[in-house]
Amino acid sequence: MSTSLLFSLCGIVLFLLGLYVVLTTSAMLRRVLAINIMGNGVFMIFIAIAYRRGEGGVLITDPVPHALVLTGIVVAVSATALALKLICRLHELSIQSHQDQR
């Protein structure tokens, strides 16, 4: 089994695991974490695509997928921070509306 195939299979498993959790749970925090797991699976697939065998069996790496993964990590961290802040704000508003109803 080659390294690229192993990374691809692990990426597919991570993506499917995250998709399963997103579709089956109703907790918002778990959904955000599952979306992050899905993103990590996609990143692993991109890294697996970046490695190719050239002439004479020499390993050649493509820098474009690596750049895409680095950019994706930055975007994923920012989106996760925004989602967590929105979840916290929604929780605060629900607590406040319950207190106002009393």
How do the pairs read when you match residues in region 46-64 that are without any contact (Cβ under 8 Å) to a residue 40 or more places away in the chain with residues anywhere that are small (Gly, Ala, Ser), using Cβ under 6 Å and keeping only pairs 6 or more apart or on different chains? Ile60/Gly54; Thr61/Ala50; Asp62/Ala50
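Please tell me if Ser94 is in a helix (DSSP H, G or I) and of a type in the set (Gly, Ala, Ser).
Working: in a helix (DSSP H, G or I): yes; of a type in the set (Gly, Ala, Ser): yes.
Answer is yes for this residue.
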Which of the numbered conditions does Gly11 fail, given that it passes all the others? Conditions: (1) surrounded by fewer than 17 Cβ atoms within 10 Å (Cβ to Cβ); (2) more than 28 Å from His91 (Cβ to Cβ). (1)
Can you go through Leu86, Leu33, Leu19, Leu68 and tell me which one is open to solvent by 90 Å² or more (accessible area, probe 1.4 Å), under 17 Å from the mean Cα position of the chain (by Cα) and at pLDDT 95 or above? Leu33
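Taking region 41-63 only, how many residues are open to solvent by less than 70 Å² (accessible area, probe 1.4 Å) and either touching a Lys or Arg at 6+ places or on another chain (Cβ under 8 Å) or among the hydrophobic types (A, V, I, L, M, F, W, C) (or both)? Give the derivation first.
Restricting attention to region 41-63, the residues satisfying the condition of being open to solvent by less than 70 Å² (accessible area, probe 1.4 Å) are 41-45, 47-48, 50, 54, 57, 62.
Still in the running and either touching a Lys or Arg at 6+ places or on another chain (Cβ under 8 Å) or among the hydrophobic types (A, V, I, L, M, F, W, C) (or both): 42-45, 47-48, 50, 62.
Total meeting the criteria: 8.
Each row is one residue, and each column tells you yes or no for (1) touching a strand residue (DSSP E or B) at 6+ places or on another chain (Cβ under 6 Å); (2) closer than 23 Å to Ser2 by Cα; (3) at pLDDT 90 or above.
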site	(1), (2), (3)
Ile47	no, yes, yes
Glu55	no, yes, no
Val58	no, yes, no
Pro63	no, yes, no
Gly72	no, no, yes
Val75	no, no, yes
Leu82	no, no, yes
Arg102	no, no, no
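The values are calculated or read from the model by the stated rules, or taken from the named source; none is laboratory data. Treat the numbers as computed from the prediction; the structure is a model and nothing was measured. Methodologically, a virtual Cβ is constructed for each residue, glycine included, from the backbone with ideal geometry; neighbour enumeration extends over all protein chains shown. Accessible surface areas use protein heavy atoms only, side chains included; no ligands, DNA or RNA. Shrake-Rupley method; radii C 1.70, N 1.55, O 1.52, S 1.80 Å.
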